[in-house]
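Below is one structure; the comments refer to it alone.
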Amino acid sequence: MLVEALALSALLFTIGVIGVLTRRNAIMIFMCVELMLNAVNLSFVALSKLYGAAGQVFVVFTMTVAAAEAAVGLAIIIAIFRHQRTVNLQNINLLKG
Amino acid sequence: MNPALIPEGAHPLATTVARLVWLLPLLPLLGFLINGTLAMLGAAKIGPADPSADNGHGHGEAHGHGDAHAHADHGHDDHGHPPRHKFAKIVSLVGPGVLVAAFGLAVAIFAAMRGVDMEHPYVLTLFSWMPVGDLNLNATILLDPLSMVMVMVITGVGMLIHIFSVGYMQDDPGYPRYFAYLNLFVFFMLILVLGGSYPLLFVGWEGVGLCSYLLIGFWFSEKANADAGKKAFIVNRIGDFGFLVAMFLMFANLGTLDILGVAEKAAELPMGGVIATAIALFLFVGCTGKSAQIPLYVWLPDAMAGPTPVSALIHAATMVTAGVYLVARASGIFSMAPVAQLTVAAVGAATAFFAATIGLKQWDIKKVLAYSTVSQLGYMFIGVGVGAYVAGVFHLVTHAFFKALLFLGSGSVIYVMHAAYHATHNHDDAQDMRNMGGMKTYMPITFYLMWTATLAIAGIPLFSGFFSKDEILASVFARAHHSTLAEASLLGIPGSTLLMIVYGLGLASALLTAIYMTRMMLYTFHGPNRTGEAERPHLKEAPWIMTGPLVVLAILAAFGGWLNVPALLDAIGPVGGLEHFLEPVVGANALRTTLGEAPHLSHSTEYVLVGTAILIAVVGITFAVLRLKPAALVAKKDSPAATGFDRVLENKYFVDEGYDAAIVQPTVNVSRAVLWKGFDAGIIDGLFVNGSALLARAFGWMGSQLQTGQVGTYAWVLLIGVITLLGAFTFR
């Protein structure tokens, strides 16, 4: 079971990474980031079988932080949208050198 | 180290007042510190004249601004007396006071020295100065008859000139600064003549150069004065380079820089060897700068931009004779190098004659005296050049008397001329002899005193200049016939021929000296007055504080010859006082090159020589009196421009112009094109300063290009970085 769980975790993480790299829409990138977070959560849970309950505890923390992060992130995206009338990250490049 | 040197405490002078000799330079230094402090304290508080404060003074007051016509502090609508400096009273006491004290001490030391056997010099070690490897230099004071003579001249004549300055400079806003510089000068001059090693002598040598620069440019608000100061400083640096090279050569070849040590080691060098010749010639390069000989004499006439007492003290009596002192001091080396000696004599003779011809046609009274000084310095170098060190130093002493008198006398004339022009707001030249004339009516005392000095410098018998000049010429004549110099040769010219040419030039210069000095006196004091109707009532004798020192100097100029009466005239006094006094210092060296076993000149020859000299002086003065017509002269503004050879002489053979075209302008151009535009602007500013800025900007630009603003790009970079790191840790 452990191997399958870790394989799924790796798969989900990779999907998340590819999503972050290829998507242009801020919402989509944000959801892919969440996917990566949850892939990591999955590996925490799976590995807690080997290393004790610490992994489970970490997952609870991660989810809490992720929830807060989701709230802040969405708020920023909405603010950007109000300002720029788009959430396409290619158009949001004010900080270039 | 030096067997000639007996231990410090064992010297007979060690128990006398001479052990206080270190106080000599310290006294003027103290004066410098006090006056300098006062100058700085007072500088900020000198404002423009308060018109309500000096209403009572009116027009007639004399002003002490001397040569500075357009001095910033007295514009021409300022009728009254400029305010004296608030510290003028203290400065008038301290400035000349330290010199009086120093002179008193010098006299006491001199008296002590007369009472003991001075076969060995008295060396006083003050402190260890430069203990570096093989070089172990102590700051030592070398007191021997030669430095004693110089100290007496410096403090004595210096004291008189300081007193004169009180009158001459009293109304100058820079009064304390003036005395600070003058005191500092005396300090360095005493270091120069008392220094026991060449480096210490060099410290004094440079110090007097600095003071000369400061005092030439004393009225620096006028560009010409500041430029004259710079010229003097730069020309002197060229000479000092020679002095430095000579010191390097001494240390490299003789292993010591001590004056006595060098003299001792030099005696072991081969006669006429390349080392002695090189050292002597490089030392002489230094002398040509400091003592204004061809080719470096050009700064001295320009140095007349300074206050006239400065010209008297620094540029006539003391500093410019430092070169003569140096040759006499290094006589041990020079007498080993006949070629160098012949060079010195030849350059001296050429300078004496050349400067005398220029002096014939100068209109500025101080310029006449300046060229006269250059010419007389040439005489001194003839003397020390042929190994007649006593004669050279003797002429140095008498020249200090009569030339200081001439300069101070001309200073008095300029002072009243300037005061007269100032009172009537006339901007004519107060120093041009064409604007003077008939001054004997207005300044009778100065008139007689100046004639005394003129007769002395012209070589009229029994005046001081006669003795010293005649002794130099006789020495040259004697050495032309029998001496090591006569057997040596310079540039293929046999020494005997060269020395006869030197003798001829010396005679010719004596003739010219008599002519130009008489001309100066005729144009200044005789004939009708050309100053101007309005100014005439303002012409009057200068105050006694200025005339008093002149009287003392006149007595010295008249009777200074008795310091060293020639054997020929044993009827008039004790023979050869100075010669006996200086015997321990230069006697042996002089004999080495000179007459050897041969007898001195026969008396009949000497009578002929003396007769020739007298004849020449009389002919010169008579010629000038008969030929020159002061009555025909008109004021400067009405005078036509000179033509022909007169023009060449009036413009000093265009030497300054030639130097300007040959040396100054190329230097300026090369400096501008290569050093400024090329190196400074191009390499330093362009490559280093702007280049490094450009480099930083280029790197910054490259870094900024990484910041695209695209979050996706950053994510890719992050991913690649993570994979690289993971890979690196995994497959390590």
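Readers should treat all values here as calculations from the given coordinates under stated rules, not as data from a laboratory. Every value quoted in this text rests on a predicted model; they were computed, and no experiment measured them. Cβ sites come from the backbone with ideal geometry, for glycine too, and all protein chains shown count toward neighbours.
Taking the number of Cβ atoms within 10 Å of each Cβ as an exposure proxy, the fewest-first ranking of B:Ser291, A:Ser48 is A:Ser48, B:Ser291. Peptide A:90-96 shows a mean partner chain C-beta count of 4 within 10 Å per residue C-beta. The residue among A:Ala71, A:Leu11, A:Leu50 whose Cα reaches farthest toward the positive pole of the charge dipole of segment A:2-96, with charges on the beta-carbon of Lys, Arg, Asp and Glu, is A:Ala71. Relative contact order, whole percent, for chain B stands at 13, derived from Cα pairs under 8 Å and 6 or more residues apart. Ranking of B:Arg672, B:Arg84 by neighbouring Cβ atoms within 10 Å, starting from the fewest: B:Arg672, B:Arg84. Remark: the protein assembly as shown carries a charge dipole of roughly 2160 debye about the Cα centre, counting +1 on each Lys and Arg Cβ and -1 on each Asp and Glu Cβ. This model, with +1 at the C-beta of Lys and Arg and -1 at the C-beta of Asp and Glu, gives chain B a dipole about its Cα centre of some 800 debye. Here's the list of aspartates and glutamates a cross-link from B:Lys677 could span, going by alpha-carbon distance under 12 Å and ignoring same-chain residues fewer than 8 apart: B:Asp685.
Structural descriptor for chain A: relative contact order 28 percent, calculated from alpha carbon pairs under 8 angstrom and at least 6 residues apart.
Every helix of 4 or more DSSP H residues in chain B counts as -39500 (n - 2.57), and over all residues that averages to -20000 deg cm²/dmol at 222 nm. What the phi angles of segment B:120-134 give under the Karplus curve with 6.51, -1.76 and 1.60, with θ = phi - 60°, is a coupling list of 9, x, 9, 10, 10, 8, 8, 7, 7, 9, 9, x, 10, x, 5 Hz, glycine and proline written as x. Full extension of the chain segment joining B:Ala642 with B:Phe654 gains 2.9 nm, where the gain is 0.36 nm per residue of separation less the Cα-Cα distance. Decide, for the protein assembly as shown, between rounded, prolate and oblate: order the square roots of the alpha carbon gyration tensor eigenvalues as a ≥ b ≥ c, take rounded if a/c falls under 1.5, and otherwise choose prolate if a/b is larger than b/c, else oblate. Prolate, because a/c is 1.5 or more and a/b exceeds b/c.
The gain in end-to-end length when the B:Gln665 to B:Leu210 segment is fully stretched comes to 161.3 nm, 0.36 nm per residue minus the alpha carbon separation.
The alpha-carbon atoms of chain B define a convex hull whose volume equals 245 cubic angstrom per residue. Counting only residues at least eight positions apart within a chain, or on another chain, the aspartates and glutamates with an alpha carbon under 19 Å from that of B:Lys637 are B:Asp67, B:Asp364, B:Asp428, B:Asp429, B:Asp432, B:Glu533, B:Glu535, B:Asp646, B:Glu650. Footprinting exposure proxy ranking of B:Arg530, B:Arg627, fewest other C-beta atoms within 10 angstrom first, gives B:Arg627, B:Arg530.
Could you tell me the calculated FRET efficiency between B:Ala631 and B:Thr497, based on Cβ-Cβ distance and R0 = 41 angstrom, to the nearest 0.05? Here the calculated transfer efficiency is 0.35. Listed cross-link partners B:Lys469/B:Lys629; B:Lys290/B:Lys652; B:Lys223/B:Lys403; B:Lys86/B:Lys367; B:Lys265/B:Lys652 are compared with a 31 Å cut-off, the Cα-Cα value being larger for B:Lys86/B:Lys367; B:Lys265/B:Lys652.
Here the simple spin-label model places points 7 Å from the Cα toward Cβ, and for B:Asp685 and B:Leu569 these points are separated by 6.6 nm.
Seen against the Cα atoms of chain A and their longest principal axis, helix A:54-84 is set at about 10 degrees. Charged neighbours of B:Val634, selected by a Cβ distance under 13 Å, balance to +2 (K, R count +1; D, E count -1).
Work out which helices of chain B, taken as complete DSSP H runs, extend at least 18 Å along their axis over the Cα atoms and score a mean Kyte-Doolittle of 1.6 or more, then list them. Membrane-span-like by this rule: B:23-43, B:88-114, B:145-168, B:175-194, B:274-290, B:544-559, B:711-730.
Rg over Rh for segment A:2-96 works out to 1.09, using Cα positions for both radii and the Kirkwood form for Rh.
Please check which bits of segment A:21-54 a label hung off B:Trp716 would reach, taking the label as a point 7 Å along Cα-to-C-beta and the cut-off as backbone N under 17 Å. The answer is A:21-25. For B:Gly195, the residues 5 or more places off, or on other chains, whose built amide H falls under 5 Å of its own are B:Leu142. The magnitude of the dipole of segment A:2-96, with charges of +1 and -1 set on the Cβ of Lys/Arg and Asp/Glu and taken from the Cα centre, is near 400 debye.
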